[in-house]
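The values are calculated or read from the model by the stated rules, or taken from the named source; none is laboratory data. All values reported here derive from a predicted model rather than from experimental measurement. Accessible surface is based on the protein model in full, side chains and every heavy atom, while ligands, DNA and RNA are left aside. Shrake-Rupley method; radii C 1.70, N 1.55, O 1.52, S 1.80 Å.
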Amino acid sequence: PVAYTRGNWNNEIGLPMSILDMEPSCRIGVFEIGMNHAGEIDRLCDVLNPSWGLITNIGRAHIEFFGTEEAIAKEKGCLLKRLPGEGMAVLNRDDRFFSMFRSECRCRVVTVSMEQDADYRCVKREYDGNKVCILEKTSGDEVCLDIPVPGIHNVINAMFAVAIARSASVNWDKIKESIKNYKSLPMRWEKKIINKIVVINDAYNSNPLSMRSAIQAFSEVGGKSKKWLVLGGMLELGDVAIREHEELGRFVAGRNIAGLIAIGDLGEIIAQGARDGGFKGDKVFHCANNHEAVLRIIEKIDANDEVLLKGSRGMHMEEIVQEMERRSRQG
């Protein structure tokens, strides 16, 4: 029996609520701890008292309150300091902060990697079929997994899951079955077909790292259908907000994308960055709000085209899906 984080209850209120929701029979707890200010990881570790821990990635989410990625890494590294000597840490060897994280650990460390020598290394990846093969160093087992969500970031997520499960003595057949049957949570790569348009709603939240990961994955997968981006702003970036949105626009310009619809004031900066990066102006559209974005989608996007929706939680981009569905029902 396993207890786990409810929804996104990962802060000083949500984590205790998730823990209190445990049944007496639970033997294992899998909990997320989040932060957007310095000192929060330590306080949450006081509540959770973790025995195993992993750091998924370091990006520029909440950089408004930290100033640098190094400060974010230092805060997340507090988790590793709190793991007991008999515990375990799982780390990504490809992360540029790996050496720093490794030095924080006084417990066993298990590693994953896309390229380097590691306890769990991806040795083969098929882009179209989302099939990856992972080599387990200790046993020499090479096991292929069907991952139902695209992108390198999800391959790494799967390897994290494999490392934890194998360390908990879960057999390969169970791991393969569980990953194959994974279902995305709402607004996390949630796929719908609305009026013959394929809509991928990944708008639960966004930051520079997750935005690029989603766009790259979106541009890599699928058939010959045209791919469109509908992007909102990334919040809580502080003084680097303008630069990050400009750079995102240039990143979009270098991908296999048919068109861009950008929303709001920050979206206007994304749009200009895309134009500056060489994206043709007649493929870039700026909308003041979500309603205007729906009208532009209806006007410009054809049946069987694919659309990726991505933006920060505060942009409420799920409203676009809701309005598209409402219009579809009305004919």
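Over all Cα atoms in the stretch 195-331, the spread is summed up by Rg and Dmax: 13.7, 45 Å. Checking the Cα-Cα distances for LYS124/LYS192; LYS227/LYS283; LYS124/LYS310; LYS176/LYS227; LYS191/LYS280; LYS76/LYS176 against a 23 Å cut-off, the pairs over it are LYS124/LYS192; LYS124/LYS310; LYS176/LYS227; LYS191/LYS280; LYS76/LYS176. Length, then width, then depth: along the principal axes, the Cα atoms of the stretch 231-278 run 29, 16, 13 Å.
The stretch 137-180 and the stretch 276-310 have Cα centres spaced 36 Å apart. Normalised size of the chain, defined as Cα radius of gyration per 2.2 N^0.38 Å with N residues, equals 1.04. Roll a 1.4 Å probe over the protein chains and send me the accessible area per residue for the stretch 130-175 in Å². About 43 Å² of surface per residue is accessible. If you wrap the tightest convex hull around every Cα atom of the stretch 276-330 and split its volume per residue, you get 112 Å³. In degrees, nearest 10, range 0 to 90: what is the angle between the Cα axis of helix 152-167 and the longest Cα principal axis of the chain? Approximately 20 degrees, to the nearest ten.
On a per residue basis, the stretch 222-311 carries 43 Å² of accessible surface, using protein heavy atoms and a 1.4 Å probe. Result for the chain in a Gaussian network model with C-alpha springs under 10 Å: among VAL47, VAL307, VAL321, the largest mean-square fluctuation is at VAL47.
Of the accessible area of the stretch 109-194, computed with a 1.4 Å probe over protein heavy atoms only, carbon and sulfur atoms account for 48 percent.
Once you order the gyration tensor axes a ≥ b ≥ c over the Cα atoms, which shape class does the stretch 170-243 get: rounded for a/c under 1.5, otherwise prolate or oblate by comparing a/b with b/c? Oblate shape, in that a/c is at least 1.5 and b/c is the bigger or equal ratio. Mean-square fluctuations from a GNM of the chain, with a 10 angstrom spring cutoff on Cα atoms, peak among ASP95, ASP173, ASP146 at ASP173.
Which aspartates and glutamates have a Cα less than 13 Å from the Cα of LYS174, not counting those fewer than 8 places away in the same chain? Reachable aspartates and glutamates: ASP146. For helix 69-81, report the angle its Cα long axis makes with the longest principal axis of the Cα atoms of the chain; keep it between 0 and 90° and round to the nearest 10°. With rounding to tens, the tilt is 30 degrees.
For the stretch 1-60, the calculated P(r), taken from all Cα-Cα distances in 5 Å bins from zero up to the bin holding the longest distance, is 4, 18, 30, 26, 15, 5, 2, 0 percent.
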